[in-house]
Every structure is written in C-alpha cells, then in structure tokens.
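Here the structure comes first, spelled out in structure tokens, and everything after it is commentary.
The values are calculated or read from the model by the stated rules, or taken from the named source; none is laboratory data. Everything numeric in this text was worked out from a predicted model, so none of it was measured. Backbone-built Cβ (ideal geometry, glycine too); neighbour counts: all protein chains shown.
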Amino acid sequence: MRLQMTIGMSAAAILALAPAPALAHDFFLLPASFNAGAEVRVQATVGASFPAAEIVVTEDRVAEAAASEGASLRVAGAGPSALDLIFASAAPGAHVASLRLAPRDVEYAEDRIPLIMEEYEVDEAARAAVAALPAPRVLRASSQRFAKSIVCFQSCADWTRAARPAGHPLEFVADPAEPGRFVLLFQGEPLANYPIALARASERAHLVTDDAGAVRVGGGTAGAFMLFAAHMSAPASPGERFQMLLSSLTAQLSEPPR
C-alpha cells in the first residue's frame, strides 16, 4: 500500500509511520564515510535493504564514473558484495561521485509485472500504459541505472558542487542554500508532484515531490539515507520498448554543514 505524505514532515516522522523493509533492489553508492580527509572508499552495489551492500556491480557494466569539479573517482576492483571505487579530493567541501551503468534490455512476464510495478516508484501514466498491454502481458523495457553520492571532504561548508547536475536524465541535486532539500530533475528540469522513495537503515518511506520538484529530509534523520526515483516512458510506437530510468542519491545529514 502506498503512503503519500506531506513534504513538510520530517523524514524521521515519515519513517516512523512506514517501518516496512525495502523490497526494491536498488543500485546505490555507499561511501565508507560521508566525511573524509583526502580520499574514501565507495561501494557500488545493488541491495534490497539499504544500506547493506549485497550484489557486486561488475566493472564491465559501468558506462561512466565521474566526480564533481576538483575531485576524482576511479575503479579499484570488485569486492565480495560491491564494486570498490576510490573517491578523492584536495578541494574542501561537498563533492559528488556519480556512476552511470550501461543500458540493459529487460523483459518481465505477466507474473512478474505486479512485483516490478510495486517495487519502483513511477507515475500513474506509466502504470496505465503497462496495464493497457495486451494479454498475456510482457513488459519489455530498456533500463538505465544511475547513482550519486555526496561526500564532504575536510569541510561541509560548501555544497555548491552538490547542486550541479551530473548530466543524468533522471537525478537528484542538492539545494546549497537549504541543507536537507533535494530536487529531482528529469531531463534537466524539476519533476513536480512525483513519487519517490526515502530509505534509511532498512526502513523505506514513500514520498511525493512538491510543486518545485523538491523533497526535504528532516534534520532529525541520523545516519546515511538514500533517495530513489524511477521514471518509465511508454513506447513511442508499437514494438518499441518502455524506457525506464532508475536513479539514487546517498548522503548523510547527521552533522550540520560547517
């Protein structure tokens, strides 16, 4: 059952109302620490219970690894449950690591479709298009996955880099003027009144962006959290695939910006 909450509520209050375990297998980046000196190890993983790293993202699936200006991101090799990356910067402030995976064609038969549509946050137009598929339904999609993470190097005083888009077709960016406020962008424009998920310590809540495409993660949210969104576009013509974009952002607000 989906819960729609007012964005003005704190994340802690929302999570208290929705303590159910996460079902979705999300692709996300998990730094060893969100406050670093010169460099930090970051895990690229797929997991059903954030922040647990479960499934290795293989290096051959990485289409792009990038970092904000003044930082670098490189692949260090596969670990037991994640692909290890090294994120480094000598420039103080909040920096962004981002990963883009190569697109994959996927197909889901009728028995899998309800689970897929329950796992991912997509709008009613996409749901209607899937429901309208001829029986027996087969959901054919081209899936693209993106992940970003914000890490403070030496200081959290400057969040301007975290507000700059990485160029993903679906992504979250920070508001440097308001810690805890994040905007969901689709093709570079805010995506208003759109369903997203907020995950923290095996808890998951369903939210909706406001008229400006933003959500606020309350200051009472301790520890790491993940914002997740999915966007599905119906085929432009018969025989083509649905286009599914899956995007996550991990960050931490347990310490106020310095």
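Here are some notes:
Table: residues versus (1) modelled with pLDDT under 95; (2) over 18 Å from ALA94 (Cα atoms); (3) within 17 Å of the chain's Cα centre (by Cα); (4) among the basic types (Lys, Arg).
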position: LEU3; (1), (2), (3), (4): yes, yes, no, no
position: GLY8; (1), (2), (3), (4): yes, yes, no, no
position: LEU15; (1), (2), (3), (4): yes, yes, no, no
position: PRO19; (1), (2), (3), (4): yes, yes, no, no
position: HIS25; (1), (2), (3), (4): yes, yes, yes, no
position: LEU29; (1), (2), (3), (4): no, no, yes, no
position: VAL42; (1), (2), (3), (4): no, no, yes, no
position: ALA52; (1), (2), (3), (4): yes, yes, yes, no
position: GLY70; (1), (2), (3), (4): no, no, no, no
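- Selection within segment 223-244 - more than 19 Å from LEU170 (Cβ to Cβ) and touching a Leu at 6+ places or on another chain (Cβ under 8 Å): ALA224
- Flag for VAL151 being β-branched (Val, Ile, Thr), outside any strand (DSSP E or B) and either touching a residue at least 24 places away in the same chain (Cβ under 8 Å) or exposed (fewer than 13 other Cβ atoms within 10 Å of the Cβ) (or both): no
- One residue from ALA162, ALA201 being buried (at least 19 other Cβ atoms within 10 Å of the Cβ), within 17 Å of MET226 (Cβ to Cβ) and in contact (Cβ under 8 Å) with a residue 60 or more places away in the chain: ALA162
- Contact map, segment 57-78: residues that are in contact (Cβ under 8 Å) with a residue 60 or more places away in the chain paired with residues that are basic (Lys, Arg) and surrounded by 13 or more Cβ atoms within 10 Å (Cβ to Cβ), Cβ distance under 6 Å, separation 6+ or inter-chain. Pairs shown: SER68/ARG161.
- Put simply, of GLU178, GLU255 the only residue that is within 27 Å of ALA53 (Cα to Cα), surrounded by fewer than 18 Cβ atoms within 10 Å (Cβ to Cβ), of a type in the set (D, E, K, R) and modelled with pLDDT under 95 is GLU255.
- Among the residues of segment 31-40, the ones that are within 17 Å of the chain's Cα centre (by Cα) and either part of a strand (DSSP E or B) or among the β-branched types (Val, Ile, Thr) (or both) come to 1 in all.
- Strands (runs of 3 or more DSSP E) enclosed by segment 60-134 - at least 3 residues per element that are within 18 Å of PHE172 (Cβ to Cβ): 62-67, 93-101
- Tallying residues that are at pLDDT below 95 and of a type in the set (A, V, I, L, M) within segment 210-229 yields 3.
- Restricting segment 94-135 to residues that are charged (D, E, K, R) and within 30 Å of ALA65 (Cα to Cα), the residue that is surrounded by the most Cβ atoms within 10 Å (Cβ to Cβ): ARG100
- Candidates ALA157, ALA166 - the one that is in a loop (DSSP other than H, G, I, E, B), within 14 Å of the chain's Cα centre (by Cα) and of a type in the set (A, V, I, L, M, F, W, C): ALA166
- Scanning segment 188-212 for residues that are under 18 Å from VAL173 (Cβ atoms), assigned to a loop (DSSP other than H, G, I, E, B) and either hydroxyl-bearing (Ser, Thr, Tyr) or within 16 Å of the chain's Cα centre (by Cα) (or both) returns GLY188, LEU191, TYR194, THR209.
- Among residues of segment 116-145 that are among the basic types (Lys, Arg), those with a Cβ under 6 angstrom from a residue that is surrounded by 13 or more Cβ atoms within 10 Å (Cβ to Cβ) and not in a loop (DSSP other than H, G, I, E, B), sequence gap 6+ or separate chain, pair up as ARG137/ILE113; ARG145/PHE27; ARG145/LEU101; ARG145/LEU246.
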